[in-house]
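See below for the structure under consideration.
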There are 2 protein chains.
Amino acid sequence: METVSRYSRNREAIQEYLLGTKEHPTADVVYHALKAKNPSVSLGTVYRNLNQLAEQGRILKLSMDDGSEHFDGNPLPHHHFTCRMCGRVLDLDLDPDILKDLNDAASADFNGVIEGHSIYFYGLCSLCKK
Amino acid sequence: METVSRYSRNREAIQEYLLGTKEHPTADVVYHALKAKNPSVSLGTVYRNLNQLAEQGRILKLSMDDGSEHFDGNPLPHHHFTCRMCGRVLDLDLDPDILKDLNDAASADFNGVIEGHSIYFYGLCSLCKK
DNA sequence: GTGCTAATAGGAACTGTTATTATTATGCCA
DNA sequence: TGGCATAATAATAACAGTTCCTATTAGCAC
């Protein structure tokens, strides 16, 4: 079921929007942002393109602990933090050595193949800790 | 909004079911298992009690990467692995030292308070890797 | 340009979850 | 023990987020 993907103004706009923000918006937020510039976009289009971009590895899809999905314009492996007060999602970089140790430790007495992991940190962000 | 929780046959049955399985079922799976013994249970009751048990820390609620929620009768901190072929969720124990390093590394240049983390490993389980 | 097909808008349909309501059951206290 | 306040329940309606469907529009190879 391989489909060739043609140019699409909406898909471009979605990726641009994600690249231009440090936030990690939900599909709905992206939808409203796009709608501000082009009122005729459809929510279905936003979902289709977000998922397509994520499948192609051009953006990241984050499944948060509360079940909601957020999107991240930075496809490079990195980690995330969610504030339990305000719900904001922030980037968080980790020492690569730690991560290697982590996969090694997980593989230690596990009988399958560990290909990767997702880590979500939680707590209070700098604003909410006051 | 504190409510005292009384005894409930259904809640007991739900917890017993979770304790008696090594699987990590979804609410729906729990619902069908309970229904087999008592056809009059309602899906709403299952959700209410699963959430209540999770809030009380008597079970764990797992938000998987695909957005689905699974429940785990073992409330002690441990980690999970999801097979990308069959979708099964398995337990996975990690060296506590690694985890301490992980939180320390995350706290290093972060301005808020890191209270904890969830880690989800993925790959192929022992059955699917063949 | 013509023709093929991906992308689209709009809305219906679907899924998982929560809220509502009337009823039943638990457990305290006289 | 019986009465009472209220938690728990079953059934179902409502809801949110997401996917699916159909007719139409737009990229792009020729």
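The values are calculated or read from the model by the stated rules, or taken from the named source; none is laboratory data. Computed from a predicted structure; not experimentally measured. Glycine also receives a Cβ, built like all others from the backbone with ideal geometry; neighbour counts cover every protein chain displayed.
Some points to look at:
- Tally, over region B:65-83, of residues that are away from DNA strand D (no atom under 16 Å from the Cβ), within 8 Å of chain A (Cβ to nearest Cβ) and either farther than 17 Å from B:Glu115 by Cα or not in a strand (DSSP E or B) (or both): 2
- Lone unmet requirement of (1) surrounded by 14 or more Cβ atoms within 10 Å (Cβ to Cβ); (2) within 15 Å of DNA strand D (Cβ to nearest atom) for B:Asp101: (2)
- Filter result for B:Gly112 (surrounded by 14 or more Cβ atoms within 10 Å (Cβ to Cβ) and touching a Cys at 6+ places or on another chain (Cβ under 7 Å)): yes
- Criterion violated by A:Gln52 - all others in (1) in contact with a Ser or Thr (Cβ under 9 Å, 6 or more places away or on another chain); (2) without any contact (Cβ under 8 Å) to a residue 40 or more places away in the chain; (3) among the polar types (S, T, N, Q) satisfied: (2)
- Filtering B:Val46, B:Val89 for residues that are of a type in the set (Val, Ile, Thr), at pLDDT below 95 and touching a Leu at 6+ places or on another chain (Cβ under 9 Å) leaves a single hit, B:Val89.
- A:Leu43 vs. criteria within 11 Å of DNA strand D (Cβ to nearest atom), of a type in the set (A, V, I, L, M, F, W, C), out of contact with any strand residue (DSSP E or B) (no Cβ under 9 Å at 6 or more places or on another chain) and touching a residue at least 12 places away in the same chain (Cβ under 8 Å): yes
- If you go through region A:22-64 and keep only what is part of a helix (DSSP H, G or I), within 10 Å of DNA strand C (Cβ to nearest atom) and more than 14 Å from chain B (Cβ to nearest Cβ), you end up with A:Tyr31, A:Leu34, A:Lys35, A:Leu43, A:Gly44, A:Thr45, A:Val46, A:Arg48, A:Asn49, A:Gln52.
- The single condition from (1) away from DNA strand C (no atom under 13 Å from the Cβ); (2) at pLDDT 95 or above; (3) not hydroxyl-bearing (Ser, Thr, Tyr) that A:Glu12 fails is (1).
- The residue of region A:70-87 that is farthest from DNA strand C (Cβ to nearest atom), among those that are buried (at least 19 other Cβ atoms within 10 Å of the Cβ) and more than 17 Å from A:Leu19 (Cα to Cα), is A:Phe81.
- Listed by first and then second residue, the pairs with beta-carbon distance under 9 Å, at least 6 apart or on different chains, first residue in region B:98-115 and among the β-branched types (Val, Ile, Thr), second part of a strand (DSSP E or B) and modelled with pLDDT of 85 or more, are B:Val113/A:Gly123; B:Val113/A:Leu124; B:Ile114/A:Phe81; B:Ile114/A:Leu92; B:Ile114/A:Phe121; B:Ile114/A:Tyr122; B:Ile114/A:Gly123; B:Ile114/A:Leu124.
- Residues (among the small types (Gly, Ala, Ser) and surrounded by 14 or more Cβ atoms within 10 Å (Cβ to Cβ)) located in region B:17-56: B:Ala27, B:Ala33, B:Ala54
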